[in-house]
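Novice: Would you mind keeping the following structure in view while I ask a few things?
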Amino acid sequence: MSGPPGAASEPPNDAVITVSGLTKRYRTVTALDAVTFRAARGIVGLLGANGAGKSTLIKILLGLLEPDGGSATVLGYDVTSQGLRAREWIGYMPEHDCLPDDVPAAEFVGHMGQLAGLPPREAQGRAADALRYVGLDEARYRAIGGYSTGMKQRAKLAAALVHDPRLLLLDEPTNGLDPAGREQMLEIIRRTGRTQGMAILMTTHLLADVERACDYVIVLDEGRLLREGPLESFRTVKPVLRLDTGPAAAPTFAEALTQRGLSARVQGHEVLLDLSDFSIYDRVRDLAAELRLPLIRMTQETSTLADIFA
Amino acid sequence: MTAGGGWAAPQPAAQGRIYDLGYQPYEGPRQGRRRALVTLFRTGLKRAWGLGRPFRAKIAPWLLAAIALLPALIALGIAALIAEELSPYRYENYYGVIARIILLFCTVVAPELLCPDQRQRVLALYFSRGITRLDYVGARLAALVTALLLMCLSPQVFLFLGNTFVVDDVFDYLTDNLDILPRILGAALLISLYFSSIALAVAAHTNRRVWAAGGFIALMLVSTAVVSSVFATLENEPSKYLTLLAFSEAPIIATNVIFEAEPNSLAEATGLSPNLWLFASLAYTAAAIAILVRRYLKLHP
């Protein structure tokens, strides 16, 4: 890496984020309560309801907030003592509005590039490229105040990407977007994380966003770490058979199954049946034929992200 | 890839061009915090003078700068037609003459440097880069001080050069008056630092430009009016020292120390030492900078 003495050099190692016993309190509220996790490369979803502590965690990782306890490192830098160095390699996209209204996006994103240490000419070139990358090529010379919500979100992402960071911290990137805008934003995030290998930590309260974009999930609930793991680990197959019998036949079907010694219960217009062995599939089919009851679909129950909040 | 490591790399081909619109890593130079500081300072200075912004943003600073130049033009006219000594506008009293213009300049420009960043919440992005909050405050303060220095020094330099060329012997004038140059610079520095730090300290506490401007002008003018009235009424020892709280006058009177000039009416009436005014001005400057820094250290962007 070229550059003058004191200029940014590459982060020391491949570690992305390590958090150990991180605690943050605001007067009577504990925003983070001894949170510990380790995030590797890839797209990591930080999932939680509003007030779960996601934004607080991001601000601590950026070195903008001092934790009350515990420690954290980002890209190998300690966030409290080396926050300045860490921030040179982080791209941050806040949840809230943070763009000036009266400035064209090209100028502002270029300005953000220079604030990240890029020389003026390179910053302007990168700004044009970053805006094109997020799909704002045509609109880049228009004042940001005239942008739609989706365009503003993409301009914020361009500002986060302009200096080619090693880690992107995206705070609710799909906030306020319509379904089409949301899909576009998730697609850009997926593309950036998967094809470039850029580490991304994305907070959201939307399960669907995590399922569509993330490889790894960290779940926060009221400041505590509820669960973490690869996305696939949240999609385990359960020993439960779900029978779609239509609303009218469900009670009869469940009663008949129970009379035959099986554990069945009605849920809406479906019957849930404990799956102790695979012969149960045949027994259900035979019972439907015998009693002339409708059987539209038999599927084995799988757990989803939503189950952890149930 | 472009020299700076940009994305778009046109590939020449026989039947047209293929553009790579994908993400490309940046492999060019990274100049770190130094570049960020220069950028913050430069954009602050440009914003102060309305450069790169709509025409209406340029009107106030450039009009005030032009008005500040008028006494110098008049002084030069008198020097050319009659004699420099007969001009009411001289190096040592020039800052006093344009004190209200300086005040108005800070009233207009200081809120412009801080309030939009808070109002539009751009600080969240700034502070997520490799700079500290002190860097931001320092760069903005340096920008306003520089803008004010340009405003204060331009007429004085204009006056000095004009006086140099209206006399018969240029060399004699230069040798006789060379010692005034560091005094002009020193006084301009004192005034610029003083008004800039107080104006920014006020502006830092609101995201509305109108409140910042009103707060600063009220602090300056009301303080001076109140303490002057109290002194005029009581004329006792405590009220004499109370006049040190005439915020709009303090640095102007303090420049008398630098120019070794006669005190103005308020300083003369109170009989307080110009050194005391200088000390008060420096203390207010330090206090304003401390308030400004404290505000940004505690700010949640």
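Novice: Provide a single number: the residues in the stretch A:156-189 that are β-branched (Val, Ile, Thr) and away from chain B (no Cβ under 11 Å).
Specialist: First, the residues of the stretch A:156-189 that are β-branched (Val, Ile, Thr): A:162, A:174, A:188-189.
With the extra rule that they be away from chain B (no Cβ under 11 Å), the set shrinks to A:174, A:189.
Total meeting the criteria: 2.
Novice: Pairs please, first residue from the stretch A:15-29 and more than 15 Å from A:Tyr77 (Cβ to Cβ), second anywhere and open to solvent by 80 Å² or more (accessible area, probe 1.4 Å), Cβ atoms under 8 Å, 6+ apart in sequence or on different chains.
Specialist: From the stretch A:15-29, the pairs are A:Thr23/A:Asp68; A:Lys24/A:Asp68; A:Arg25/A:Asp68.
Novice: Among the candidates B:Ile258, B:Ile291, which residue alone is crowded, with 19+ Cβ neighbours inside 10 Å and assigned to a helix (DSSP H, G or I)?
Specialist: Values: B:Ile291 fails: crowded, with 19+ Cβ neighbours inside 10 Å.
Sole residue among the options that is crowded, with 19+ Cβ neighbours inside 10 Å and assigned to a helix (DSSP H, G or I): B:Ile258.
Novice: Identify, from the list B:Ile191, B:Ile184, the residue that is in contact with a Cys (Cβ under 7 Å, 6 or more places away or on another chain) and either of a type in the set (Gly, Ala, Ser) or at pLDDT 95 or above (or both). Step through it out loud before you land on a result.
Specialist: Values: B:Ile184 fails: in contact with a Cys (Cβ under 7 Å, 6 or more places away or on another chain).
Just a single option satisfies the conditions, and that option is B:Ile191.
Novice: Can you give me the ranges of the helices (runs of 4 or more DSSP H) entirely in the stretch B:116-230 with at least 1 residues that are of a type in the set (A, V, I, L, M, F, W, C) and surrounded by fewer than 16 Cβ atoms within 10 Å (Cβ to Cβ)?
Specialist: Values: elements: B:123-126, B:133-166, B:170-177, B:180-203.
It comes to B:133-166, B:170-177, B:180-203.
Novice: Now for a separate question. Considering only residues that are under 19 Å from B:Glu27 (Cα atoms) and touching a Leu at 6+ places or on another chain (Cβ under 7 Å), look in the stretch A:193-208 and name the one that is farthest from the other protein chains (Cβ to nearest Cβ).
Specialist: Residues of the stretch A:193-208 that are under 19 Å from B:Glu27 (Cα atoms), as a first pass: A:193, A:195-199.
With the extra rule that they be touching a Leu at 6+ places or on another chain (Cβ under 7 Å), the set shrinks to A:198-199.
Values: A:Met198: 8, A:Ala199: 13 Å.
Going through the qualifying residues, I end up with A:Ala199.
Novice: Does A:Leu305 satisfy the criteria of being surrounded by 15 or more Cβ atoms within 10 Å (Cβ to Cβ), within 30 Å of A:Asp215 (Cα to Cα) and modelled with pLDDT under 85?
Specialist: Values: surrounded by 15 or more Cβ atoms within 10 Å (Cβ to Cβ): yes; within 30 Å of A:Asp215 (Cα to Cα): yes; modelled with pLDDT under 85: yes.
The answer is yes for A:Leu305.
Novice: How many residues are open to solvent by 30 Å² or more (accessible area, probe 1.4 Å) and outside any helix (DSSP H, G or I) when one looks only at the stretch B:84-115?
Specialist: So the count comes out to 5.
Novice: So, in the stretch A:104-119, how many residues would count as being at the interface with chain B (Cβ under 10 Å from one of its Cβ atoms) and open to solvent by 30 Å² or more (accessible area, probe 1.4 Å)?
Specialist: So the count comes out to 1.
Novice: Would you mind listing the strands (runs of 3 or more DSSP E) fully within the stretch A:192-310 where at least 3 residues are touching a residue at least 40 places away in the same chain (Cβ under 8 Å)?
Specialist: Details: elements: A:199-204, A:216-221, A:224-230, A:237-244, A:264-267, A:270-274, A:297-302.
Fully inside the stretch A:192-310 and qualifying: A:199-204, A:216-221, A:224-230, A:237-244, A:297-302.
Novice: Could you give every pair whose Cβ atoms fall below 7 Å, whose first residue belongs to the stretch B:34-48 and is among the β-branched types (Val, Ile, Thr), and whose second residue is open to solvent by less than 60 Å² (accessible area, probe 1.4 Å), counting only separations of at least 6 or pairs across chains?
Specialist: Here the result reads B:Thr39/A:His111; B:Thr39/A:Gln114; B:Thr39/A:Leu115; B:Thr43/A:His111, each pair linking the stretch B:34-48 to a residue that is open to solvent by less than 60 Å² (accessible area, probe 1.4 Å).
Novice: So which pairs qualify, if the first residue must be in the stretch A:126-137 and more than 7 Å from every other protein chain (Cβ to nearest Cβ) and open to solvent by less than 10 Å² (accessible area, probe 1.4 Å), the second must be in a loop (DSSP other than H, G, I, E, B) and at pLDDT below 95, the Cβ gap must be under 7 Å, and the two must be at least 6 apart or on different chains?
Specialist: From residues that are more than 7 Å from every other protein chain (Cβ to nearest Cβ) and open to solvent by less than 10 Å² (accessible area, probe 1.4 Å), the pairs are A:Leu131/A:Asp137; A:Leu131/A:Arg140.
Novice: Let me ask something else. Cβ-Cβ distance below 9 Å, separation of 6 or more or different chains: which pairs start in the stretch A:144-162 with a residue that is over 25 Å from A:Leu118 (Cα atoms) and end on one that is of a type in the set (Val, Ile, Thr) and open to solvent by 10 Å² or more (accessible area, probe 1.4 Å)?
Specialist: A:Gly145/A:Val103
Novice: State yes or no: is B:Ala280 touching a Pro at 6+ places or on another chain (Cβ under 7 Å), in a helix (DSSP H, G or I) and among the aliphatic types (A, V, I, L, M)? Talk me through it step by step, then tell me what you get.
Specialist: Details: touching a Pro at 6+ places or on another chain (Cβ under 7 Å): no; in a helix (DSSP H, G or I): yes; among the aliphatic types (A, V, I, L, M): yes.
When the stated conditions are applied, B:Ala280 does not pass them.
Novice: Now for a different question. Taking the stretch A:59-85 as the search range and keeping residues that are of a type in the set (S, T, N, Q) and open to solvent by 40 Å² or more (accessible area, probe 1.4 Å), which one is farthest from the other protein chains (Cβ to nearest Cβ)?
Specialist: Residues of the stretch A:59-85 of a type in the set (S, T, N, Q): A:71, A:73, A:80-82.
Applying the additional criterion that residues be open to solvent by 40 Å² or more (accessible area, probe 1.4 Å) yields A:71, A:80-82.
Working: A:Ser71: 20, A:Thr80: 13, A:Ser81: 13, A:Gln82: 11 Å.
That would be A:Ser71.
Novice: Select from the stretch B:28-51 the residues that are part of a loop (DSSP other than H, G, I, E, B) and facing chain A (nearest Cβ under 8 Å) and list them in ascending order. Quick ask: steps written out before the conclusion?
Specialist: Let us first name the residues in the stretch B:28-51 that are part of a loop (DSSP other than H, G, I, E, B), namely B:28-31, B:49-51.
Scanning the stretch B:28-51 gives B:Gly28, B:Pro29, B:Arg30, B:Gln31.
Novice: Here are A:Glu122, A:Glu88, A:Glu95: which of them is touching an Asp or Glu at 6+ places or on another chain (Cβ under 6 Å), open to solvent by 10 Å² or more (accessible area, probe 1.4 Å) and either touching a residue at least 60 places away in the same chain (Cβ under 8 Å) or at the interface with chain B (Cβ under 8 Å from one of its Cβ atoms) (or both)? Talk me through it step by step, then tell me what you get.
Specialist: Values: A:Glu122 fails: touching an Asp or Glu at 6+ places or on another chain (Cβ under 6 Å); A:Glu88 fails: touching an Asp or Glu at 6+ places or on another chain (Cβ under 6 Å).
A:Glu95 is the lone residue from the list that is touching an Asp or Glu at 6+ places or on another chain (Cβ under 6 Å), open to solvent by 10 Å² or more (accessible area, probe 1.4 Å) and either touching a residue at least 60 places away in the same chain (Cβ under 8 Å) or at the interface with chain B (Cβ under 8 Å from one of its Cβ atoms) (or both).
Novice: If A:Asp171 satisfies every condition in (1) in contact with a His (Cβ under 9 Å, 6 or more places away or on another chain); (2) surrounded by 24 or more Cβ atoms within 10 Å (Cβ to Cβ); (3) not aliphatic (A, V, I, L, M) but one, which is the exception?
Specialist: The single condition A:Asp171 does not satisfy is (2).
Novice: Within the stretch B:233-245, does at least one residue satisfy the condition of being open to solvent by less than 20 Å² (accessible area, probe 1.4 Å) and not hydroxyl-bearing (Ser, Thr, Tyr)?
Specialist: No, because not a single residue in the stretch B:233-245 is open to solvent by less than 20 Å² (accessible area, probe 1.4 Å) and not hydroxyl-bearing (Ser, Thr, Tyr).
The values are calculated or read from the model by the stated rules, or taken from the named source; none is laboratory data. These numbers come from a predicted model, not from an experiment. All Cβ positions, even for glycine, are placed from backbone atoms using ideal geometry, and neighbour counts span all protein chains on display. Surface accessibility is based on the protein's heavy atoms, side chains included, excluding ligands, DNA and RNA. Shrake-Rupley method; radii C 1.70, N 1.55, O 1.52, S 1.80 Å.
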